[in-house]
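Peer 1: Pasting a structure below so you can have a look.
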Protein chains: 2
Amino acid sequence: VTVEPGTARIAVDLLGGDHAPAVVVDGALRACQADPALHLLLVGPVEVAGEILAALDPVDRLRVRTASVGAGAHAGGHLEVGVRTAVLAVADGVADAVVSAGSTGATVTAAALSLGRRPGIRRPALAAVLPTVAGRVVLLDVGASIDPDTATIAGHAALGAAYAATLHGLDTVRVGLLSIGTEPGKGDRVRRDAGPLLQRMRLPAGGRYVGLVEGHDVVLGERADVVVTDGFAGNVLLKGLEAAYALTPARRRDAPPRAAVLLGVEGTVVVCHGAATGDDLASGIALAAHLHRRAVVATLHALVSGPGTQAAQ
Amino acid sequence: VTVEPGTARIAVDLLGGDHAPAVVVDGALRACQADPALHLLLVGPVEVAGEILAALDPVDRLRVRTASVGAGAHAGGHLEVGVRTAVLAVADGVADAVVSAGSTGATVTAAALSLGRRPGIRRPALAAVLPTVAGRVVLLDVGASIDPDTATIAGHAALGAAYAATLHGLDTVRVGLLSIGTEPGKGDRVRRDAGPLLQRMRLPAGGRYVGLVEGHDVVLGERADVVVTDGFAGNVLLKGLEAAYALTPARRRDAPPRAAVLLGVEGTVVVCHGAATGDDLASGIALAAHLHRRAVVATLHALVSGPGTQAAQ
C-alpha cells in the first residue's frame, strides 16, 4: 500500500459496530501505524481512546486527539451520540472525514443533518466498490435508501457515475440499472419506471446508461462500471457477494476496502459493516484518507453540478 | 452420481433459453446417457429432436419421443408454444415433469394455467438450492413473484419449509426472511409487514421462523435452511452468488443443480437459467427426474395441507 502525501484528519466513531470498541481500537491502531500522515480524532469513552494511545509509540501519539463521549453512552445504548459527535467534527472543520461501523441509519441521519445534503438529493446513497473479473464496479445504494422513488434512483445514478469517474479515473462511465432480465421493461414496478427515466437522463462525467444489468454483471463487470439499485437489493447483494468472496482468500488480496461511502452529503463519510473486523476498519479509515487527499467528494460534486448535466425530473 | 430406480418421463422444451436449441440438445443427450431409466419427450422442431436421436445409440433412442412444435415457432419468436406444449404433456399425464430454460414468465403462466395452482397460492414461487458453508439452503422466490404482497411471501415460506423438509430430509426447518439487518422491523415496507405475519404463522413440516436473515446467511447457511424473499431480490442475489461461485471451480463439484423448481403448482416444473449451459440443462433434467422419483411435489403438498398448518391470512 502506497501512502499518498498530505495530512488527513479522520474522526473515528469508537462505539459503532457489533464488536465495538475492540475492533475499532484494532483498526485505528493499524491505520495509524500504516500511514504516518494520518491524524485521528477518536470519538468515544476516554478509556477506550486511552487504550489506543497506550499502544502507540510516543511520537505517533502526537497524531491522535480524542473527543470524549459520555462513558454511559455505550452501556445506555445511546450509540448515536458517538457518530453524531464524529460527524459534527467534520462539519466544524476539525476533521476531514468520518468513519463509523455503527448503525447505517444513524450515520445517514447525522450526516444529512450536520453536513447537509446536495441540492436535488432527497436521500443520500451508500456506494460500495466491488472487485470484478473485468475490473471494479461501483454498486449503489447498498443500504441508505429504502423504498426509493425513481427520482432518488436517478439521482444516485448521477452520483455513482461521478464517483466512478473520480475514484477510478474513467473517461466514460457505463451505468446499469440492476434488474432481473436485460430486455427493457423487465423487473418490478420501481425498475419499470426508473429504466425509461435513466434512458432520458443526461449523466455527468461521461456517464452513459447501458440499460438493465443482472446480479452476475456485478461479479463479471463486463457490462457496467456503475450499478444502481435500491438500498434493499443492493445491501442483500453486497452482503452475499462479500461473504462468497471471503470464502476464496486468493481473491481478497487486491480487493477494495469493505466499506461504503455516503454520496450526496457535503462531506466525506465512510460506513463500515456492523460486523466489520479490525482489518475492515483500518481499510475504511485508509479509504477516508484517500478520498480526502484526492478531494473526491468535491470533485464529484463539481461534476454532478457541472454544465451538461440534467437533474432527474 | 447414483441413478435412483424408477422410470422418469421428462418433457424438455427444446426452444427455451438464450442458447437454444444447441445447449438443450447437449443437455438432453448427457442426461439421457447418464440415466438409463430416463425417458425424454423432446418438444420442439423435428430437425432438432432428430439431432438428439441421431447422436444416441439405437437402444437409447427407444427412450426418446418427440412432440413437434411448428418449425416456424423459433424463427417467429413464438417460443412460448414450446413450453406450453411441454407443460401440457405433464397435465395430460404423458410426462412426469417438465424442464425449460425459456422465459420464466411464460413457464410460470403455462404451469399455473395448465397444471393449476395450489389452494391459497396466488403466485407460485421458484425455489433454488444453494451450497453453503454449513450445508444447503433453499432460496425462494428467485424470480416468479414480482412486487408480492405479504400473504404471497407467507405462502412461499410454507412451501419452502415443506420443500426443504422433503428434499433434504430435515426434521426441523429454520425459515428466515431475507432483510438488511436482523433486529425486528429492519427492512423495507414489505419486510416490515411480512416479519410479524411469519412470526404468527404456523409453518408446515417442522418449520420454525427464525426471524430476519441477511445476504451473507445465504452463503454461510448457519442461521436458516430456507430463506424467503421476493422474486426481485431473490433473483438478483441468486445470479450474483452463482456467478461468484463459478469463479471458484473447486466449490462447484458438489454444487446443487443450477436450476429452480416451481412450487405451488400441481406438477413438477424445473426452470433453468436463460443462459444455462448444457451441463446446467443436464442437471436440471436430472433434478426433475429425482423430484418425480421421490414424489417430492406430492409429499410437500401433503405437508402444506396437513393438520397443524395454518394458511397465511
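The values are calculated or read from the model by the stated rules, or taken from the named source; none is laboratory data. Just so it is clear, the model here is predicted, and its values are computed rather than measured. In this analysis, Cβ positions are derived from the backbone assuming ideal geometry, glycine residues included, and neighbour counts consider all displayed protein chains. These area figures cover heavy atoms from the full protein model, side chains too; ligands, DNA and RNA do not enter into them. Shrake-Rupley method; radii C 1.70, N 1.55, O 1.52, S 1.80 Å.
Peer 1: For the range B:135-149, indicate whether the set of residues that are surrounded by 20 or more Cβ atoms within 10 Å (Cβ to Cβ) and more than 16 Å from the chain's Cα centre (by Cα) is non-empty. Don't jump to the end; show me each part of the working.
Peer 2: Initial filter on the range B:135-149 (surrounded by 20 or more Cβ atoms within 10 Å (Cβ to Cβ)): B:137-145, B:148.
If we keep only those that are more than 16 Å from the chain's Cα centre (by Cα) as well, we get B:148.
The answer is yes; a qualifying residue exists.
Peer 1: Now, a different point. Of the numbered conditions (1) crowded, with 23+ Cβ neighbours inside 10 Å; (2) of a type outside the set (D, E, K, R); (3) within 13 Å of chain A (Cβ to nearest Cβ); (4) closer than 24 Å to B:LEU300 by Cβ, B:GLY215 satisfies every one except a single condition; which is it?
Peer 2: (4)
Peer 1: Could you tell me how many of the residues in the range A:10-23 are closer than 13 Å to A:VAL98 by Cα and within 17 Å of the chain's Cα centre (by Cα)?
Peer 2: Selection size over the range A:10-23: 5.
Peer 1: Does the range A:224-231 contain at least one residue that is in contact with a Phe, Trp or Tyr (Cβ under 8 Å, 6 or more places away or on another chain), within 17 Å of A:ASP141 (Cβ to Cβ) and surrounded by 19 or more Cβ atoms within 10 Å (Cβ to Cβ)?
Peer 2: Step one: filter the range A:224-231 for residues in contact with a Phe, Trp or Tyr (Cβ under 8 Å, 6 or more places away or on another chain), giving A:226.
Keeping just the survivors that are within 17 Å of A:ASP141 (Cβ to Cβ) gives A:226.
If we keep only those that are surrounded by 19 or more Cβ atoms within 10 Å (Cβ to Cβ) as well, we get A:226.
Checking the range A:224-231: at least one residue is in contact with a Phe, Trp or Tyr (Cβ under 8 Å, 6 or more places away or on another chain), within 17 Å of A:ASP141 (Cβ to Cβ) and surrounded by 19 or more Cβ atoms within 10 Å (Cβ to Cβ).
Peer 1: Let me spell it out: the conditions are (1) within 28 Å of A:VAL25 (Cβ to Cβ); (2) at pLDDT 95 or above; (3) open to solvent by 10 Å² or more (accessible area, probe 1.4 Å); (4) away from chain B (no Cβ under 11 Å), and A:ALA106 meets all of them except one. Which number is the exception?
Peer 2: Only one criterion in (1) within 28 Å of A:VAL25 (Cβ to Cβ); (2) at pLDDT 95 or above; (3) open to solvent by 10 Å² or more (accessible area, probe 1.4 Å); (4) away from chain B (no Cβ under 11 Å) is unmet by A:ALA106, namely (2).
Peer 1: So is A:VAL190 within 13 Å of another protein chain (Cβ to nearest Cβ) and closer than 12 Å to A:LEU140 by Cα or not?
Peer 2: no
Peer 1: Here's another thing I want to ask about it. Hey, could you check the range A:1-60 for residues that are surrounded by fewer than 21 Cβ atoms within 10 Å (Cβ to Cβ) and small (Gly, Ala, Ser) and say which is nearest to A:CYS272 (Cα to Cα)?
Peer 2: Here the answer is A:ALA22.
Peer 1: On to the next question. Say we look at the range B:234-260 and pick out the residues that are within 11 Å of another protein chain (Cβ to nearest Cβ) and under 28 Å from B:SER305 (Cα atoms); which of these is least open to solvent (accessible area, probe 1.4 Å)?
Peer 2: B:GLY234
Peer 1: Considering every residue within the range A:199-209, establish whether at least one is among the basic types (Lys, Arg), at the interface with chain B (Cβ under 10 Å from one of its Cβ atoms) and open to solvent by 10 Å² or more (accessible area, probe 1.4 Å). Before you say what the answer is, go through the steps one by one.
Peer 2: Kept after step one, since they are among the basic types (Lys, Arg), are these residues of the range A:199-209: A:200, A:202, A:208.
From the residues that got through so far, the ones that are at the interface with chain B (Cβ under 10 Å from one of its Cβ atoms) too are none.
No, the range A:199-209 has no match at all.
Peer 1: Taking the residues in the range B:149-172 that are touching a helix residue (DSSP H, G or I) at 6+ places or on another chain (Cβ under 8 Å) and β-branched (Val, Ile, Thr) as candidates, determine which candidate is nearest to B:GLY306 (Cα to Cα).
Peer 2: In this case the residue turns out to be B:THR166.
Peer 1: Within the range A:172-191, can you find the residues that are open to solvent by 20 Å² or more (accessible area, probe 1.4 Å) and modelled with pLDDT under 95? Step through it out loud before you land on a result.
Peer 2: Within the range A:172-191, the first condition is being open to solvent by 20 Å² or more (accessible area, probe 1.4 Å), and the residues that meet it are A:172, A:174, A:180, A:182-186, A:189-190.
If the condition is that a residue be open to solvent by 20 Å² or more (accessible area, probe 1.4 Å) and modelled with pLDDT under 95, then A:THR182, A:GLU183, A:PRO184, A:GLY185, A:LYS186 are the ones that fit.
Peer 1: How about the range A:158-187: which of its residues are touching a residue at least 40 places away in the same chain (Cβ under 8 Å) and within 14 Å of another protein chain (Cβ to nearest Cβ)? Quick ask: steps written out before the conclusion?
Peer 2: Going residue by residue through the range A:158-187, those that are touching a residue at least 40 places away in the same chain (Cβ under 8 Å) are A:158-168, A:170, A:173-178.
Those that are touching a residue at least 40 places away in the same chain (Cβ under 8 Å) and within 14 Å of another protein chain (Cβ to nearest Cβ): A:GLY176, A:LEU177, A:LEU178.
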